[in-house]
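See structure below.
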Amino acid sequence: MTGDRVAGEVTRPSPEAAARAKDDLLRTTVDLQRELSSADFDDAEIVEKIIDRARLAMGAEQMTIGIVDGDEIVFRYLSRSSTWQLALPPGSAPVRIPVDGSMSGLCVRTGQVLLVRDSETDTRVNRVAFRTGGLRSRVCAPLFHEGAVVGILSIASPEPDAFDGEDATRLELIAGAVSAAYGHAIDLAEKRAALDDLATAVAELERQGAELAFQALHDGLTGLPNRTLILDRAENMLARARRGKLSTAVLFVDIDQFKNINDNFGHQVGDELLQALAVRFRNELRAGETIGRLGGDEFVVLLESEADATTLATAVADRLLDAVRGPFTPHVENSRPLFLTASVGIALGPRDDAGALLRDADIALYAAKAAGRDMRITFSPEMGDAAVHRLAGDNYR
């Protein structure tokens, strides 16, 4: 090692020594900065790469990297070995020291490279700390990010006078590479955090959009498709029927005298009943068959078949009627099972538009109510709105 030796001070080496030091580290430092700034490394990988190069240039027994954290410096100790692995066991707590009252803190506060030739004679150091660590000499270089000191890089030895001004120059050059790598890591972390925040915001917007879309097209009580979605699916069903010569059917299902449930037991029981029926109805249908709630206690079912839909429609209607007849016990204190019935109106397609098909099913439903309830009736051209209403009267529900 060459250069002037002045206890407690960093003196500049001779021009020849400085040139040799710079020549030794220039290519390594440039390559290191280029590699770290162009690749996607995490913090641990950055440290490994820096130390791998530092060990080629420095002969220290111990190297540390400390990062400023408020009023403290958090250290990672790295020992000279065949692999230059972190000396601290994985998962162990990092070493923290206060910025005030330490040589490391002085390096942070002044932003200058500091050289301790012998801790036993240097008044700037904490001798107890040096003795505890078994150290006698040390060089400490600041790490910068955006003009501020963010940490330190230091080398230490148990021997006095282990380092000189040339070593300080070498460490200063390495610290420059560490600073560049640290800045890259911070920028990368900030970009990742920004992307994570953006991804989270986009996911939340998508979730809200999907929720709003679902709410716009589904019944809030039962989760079934509402009138808007039913009409859209009915139009699509008729379009497929026209292209593929399919037969179609629409079923209107209405609970008989449902108003009495609300009047006698309250709307909470009525809502619970509708939710339970929605589950029962879904269980009676096959994949591709649609059931929705138009409002109140009225449900609608869309069916399509490559064969005549009459047989399918009557079979589904009978299953739905049986599902309603099953006892229902409200979740209220001292409640008894309720036994209900329903009426079903069937309209067979195809028709020119979905509205006409649904209207026919509604007319057939009125007819089923007027004929005594708890039955299914299929629409026929002879049926008319006025005639059905006259037969049903005001209490057909």
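The numbers here are math on the coordinates, done by the rules we state, and not lab data. Only a predicted model underlies this, so the values are computations on that prediction, with no experimental measurement involved. For neighbour counting, all protein chains shown are included, and Cβ atoms are generated from backbone atoms with ideal geometry for every residue, glycine included.
Tabulated results
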| item | result |
| --- | --- |
| Förster radius 25 Å - calculated FRET efficiency between residue 228 and residue 325, Cβ distance, rounded to 0.05 | 0.25 |
| For segment 218-223, Karplus couplings with θ = phi - 60° (6.51, -1.76, 1.60), whole Hz, Gly/Pro x | 10, 6, x, 7, 9, x |
| For 136, 124, order by how many other beta-carbon atoms lie within 10 Å, fewest first | 124, 136 |
| Separation of alpha-carbon centers, segment 192-242 and segment 111-129, rounded to whole Å | 68 |
| Long-range HN-HN contacts of residue 135 with modeled amide H, under 5 Å | none |
| Computed FRET value (nearest 0.05) for residue 236 with residue 206, which takes r as the C-beta separation and R₀ as 30 Å | 0.75 |
| Average Cα contact separation per residue, segment 227-392, under 8 Å, 6 or more apart, as relative contact order % | 27 |
| Gain in span if fully extended, residue 221 to residue 339, counting 0.36 nm per residue against the direct Cα distance | 40.3 nm |
| With 5 Å bins from 0: P(r) over segment 227-392, alpha-carbon pairs, percent | 2, 9, 18, 21, 19, 14, 9, 5, 2, 1, 0, 0 |
| For segment 288-312 and segment 338-379, distance of Cα centres in Å | 11 |
| 5 angstrom amide H check on residue 349, placed H, neighbours 5+ away | 248, 249, 250 |
| Order of 212, 348, 106 under a 10 Å beta carbon neighbour criterion, fewest first | 212, 106, 348 |
| Relative contact order of segment 128-230, defined on C-alpha pairs under 8 angstrom at six or more residues apart (%) | 19 |
